[in-house]
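Before any comments, here is the structure.
The values are calculated or read from the model by the stated rules, or taken from the named source; none is laboratory data. Given the structure is predicted, the values throughout are model-derived calculations rather than measurements. Heads up, the Cβs are rebuilt from the backbone with ideal geometry, glycines too, and the neighbour counts pull from every protein chain shown. Only protein heavy atoms, including side chains, enter the accessible area calculation; ligands, DNA and RNA are left aside. Shrake-Rupley method; radii C 1.70, N 1.55, O 1.52, S 1.80 Å.
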Amino acid sequence: MSEYSFFGAVEKSFDKAAKFTKWDPGILEQIKQCNAVYRMHFPVKIGDKIEVVKAYRVQHSHHKLPCKGGIRFAMSVNLDEVMALAALMTYKCAIVNVPFAGAKGGITIDPKKYTPYELEKITRRYTSELIKKNFIGPGIDVPAPDYGTGEREMAWIVDTYQSMRPGEIDALGCVTGKPVTQGGVRGRREATGLGVFYGLREVCNMKDVMDRLGLTTGVEGKKVVVQGLGNVGYHTAKFFTEAGSKVVALAEYEGAIFNNDGLDVDAVVEHRKKTGSILNFPGATNFAKNTDALEMECDLLIPAALENVINGENAPRVKAKIIGEAANGPLTPEADEILAKKGALVVPDMYLNAGGVTVSYFEWLKNLSHVRYGRMEKRFTENLNGQILGQIEGLTGKKVGDREKELIMHGPEEVDLVRSGLEETMITATREIMDAWKANPEIPDMRTAAYLVAINKVGTSYAELGIFP
Ligand code: GLU
């Protein structure tokens, strides 16, 4: 079997959708290509040895600026993977109307093998390489967390940037996903998982779609399987539980567990912290292999880890009615074909996991405006609501209860505004994609419809920008 190319899979999906557009072949070719690829090697002293670290930053498109996309730390990082992830960022941003071009970065390391001090050295050196080549900056290219990185790494990046670009007033906007104390925004940490939830909830609220799948509308009571208990998988599972769904199985790389009555996600995380594994969780049954969870009978299957987990080999055994791609690229094009034939609905990655970059956009705006969301209007809104409520109470001669009063009076905090912006974004994107799908019965699946929406937006940008003579 030839080696799987993730970028090849993205190109394949792109071509499938491009057929439904009227764009000049030159424009389509320009959208598809990765514009700039920076592959670097740099030395880092680890203990008494010098290690040569391999890393990348790929800017897939430049139809808008800055470029945007996370940085991955994993042994699987290679050029093909970073190119594919960068391309997905272009389409993702277009679908959710986030005015960025697509990029992605990665370092080929196993972060578990290094101490925090060593990781800091690697991250800071990577950042200075990006600065040297003008591959980072609030108006150039803005990284964020991805698999294997988080707030801590983003804090090192912004600190390195600020120390090498002293006096740059918008320097905080050079990276997103920062800790709140370092210019981050409240609500970014759970944003991808919450976006996955909002997107799937909207799909589940569409009666015609649910009728076709033989499911009732709404997420309440739905059986959910989540693969990957990292930042995305954990928060997705939490939001589904809060909405009344049952998380019946969880999978991690060491194994998978299930309980038909639903698992307590926090308790599983606690158990994993204590024992080093999710296996043998009290009340749950262990699966023989972690991939068995993917083949379980359920309503919603949510792969939330890495690419290529559902492919031509195991797709025939997948029984889920809806597959929600919280990860980037968890299904191969072969899996898409097989699942479409089975009548399952695949809700595609490049829009479903766009909650992360959407809230990154809010964080970047906050950094450029130098003011916290809600700071100007919170008290004003509360005072106004208080006056309205007072008038109503005066006119009716009745008083509302304390709990209701609190709800009515509440002025928006940063996290309220961020979440409501995210909810609006995910609902609008879901409807736009579904409308594009319904408008043309020839479109075979939701992924193709999503690509179509994205290609039309990026194509319009390129066409309006004009091409240099
Ligand atoms: N790494 C995330 C993604 O794949 C977030 C990117 C960002 O916030 O820029 O969408």
Heavy-atom accessible area of segment 196-256 with neighbours in place, 1.4 angstrom probe: carbon+sulfur share in percent works out to 50
Neighbour-limited loop hits for trypsin sites (Lys or Arg not before Pro), segment 317-354 (at most 15 other Cβ within 10 Å; DSSP other than H, G, I, E, B): Lys319
Too long for a 29 Å Cα-Cα cut-off, among Lys16/Lys54; Lys92/Lys273; Lys222/Lys378; Lys16/Lys68, are Lys16/Lys54; Lys92/Lys273; Lys222/Lys378
Using Cα pairs closer than 8 Å and at least 6 residues apart in sequence, work out the relative contact order for segment 1-118, in percent. 27
Cα gyration tensor, segment 315-429 - rounded (a/c under 1.5), prolate or oblate: oblate
Set the Förster distance to 45 Å, then compute FRET efficiency between Leu215 and Lys49 from the Cβ-Cβ distance, nearest 0.05. 0.20
So, in nm, how far is label Glu442 from label Thr21 when the simple model puts each one 7 Å beyond its Cα toward the Cβ? 1.6
Using the Cα atoms of the chain, I'd like the radius of gyration and the largest Cα-Cα distance, Dmax, both in angstrom. 22.9, 79
With +1 on the Cβ of every Lys and Arg and -1 on the Cβ of every Asp and Glu, and nothing else charged, how large is the dipole of the chain about its Cα centre, in debye rounded to the nearest 20? 680
Keeping the other protein chains in place, figure out the carbon and sulfur percent of the accessible area of segment 270-312, with a 1.4 Å probe. 50
Using a Förster distance of 56 Å, how high is the FRET efficiency between Val269 and Ile140, based on the Cβ-Cβ distance and rounded to 0.05? 0.90
Of the chymotrypsin sites (Phe, Trp or Tyr not before Pro) in segment 203-277, those whose Cβ has at most 15 other Cβ within 10 Å and which sit in DSSP loop: Tyr253
Reported to two decimal places, what Rg/Rh ratio describes segment 384-461 when computed on Cα atoms with Rh from the Kirkwood expression? 1.33
Of all the stretches in the chain, which is the longest one without any exposed loop site, taking GluC sites (Glu not before Pro) in a DSSP loop (any state but H, G, I, E, B) with at most 13 other Cβ atoms within 10 Å? 4-219
Rolling a 1.4 angstrom probe over the protein chains, ignoring ligands and nucleic acids, what is the accessible area of Phe380 in square angstrom, nearest 10? 140
Per the C-alpha gyration tensor (a ≥ b ≥ c, the square roots of its eigenvalues), segment 178-272 is rounded if a/c is under 1.5, else prolate if a/b beats b/c, else oblate; here it's oblate
Under the helix-only model (-39500 (n - 2.57) for each DSSP H run of 4 or more, divided by the residues of the chain), the mean residue ellipticity at 222 nm, to 500 deg cm²/dmol, is -14500 deg cm²/dmol
The percentage of the accessible area of segment 28-104 (probe 1.4 Å, all protein chains present) made up of carbon and sulfur atoms, to the nearest whole number, is 52
With unit charges on the beta carbon (Lys/Arg positive, Asp/Glu negative), name the residue among Ala243, Tyr91, Val37 whose Cα is farthest towards the positive pole of the charge dipole of the chain. Val37
Taking every DSSP bridge whose two residues both lie in segment 178-306, the antiparallel percent to the nearest 5 is 40
Lys238 - accessible surface, heavy atoms, 1.4 Å probe, Å² rounded to 10: 50
Accessible solvent surface per residue of the chain, calculated while the other protein chains remain in place, 1.4 angstrom probe, Å²: 44
Please give, to one decimal in nm, the separation of the simple spin-label points placed at Ile427 and Ala463, each 7 Å out from Cα toward the Cβ. 3.1
For segment 19-99, rounded, prolate or oblate, judged on the Cα gyration tensor with a ≥ b ≥ c (square roots of eigenvalues), a/c < 1.5 rounded, else prolate if a/b > b/c? prolate
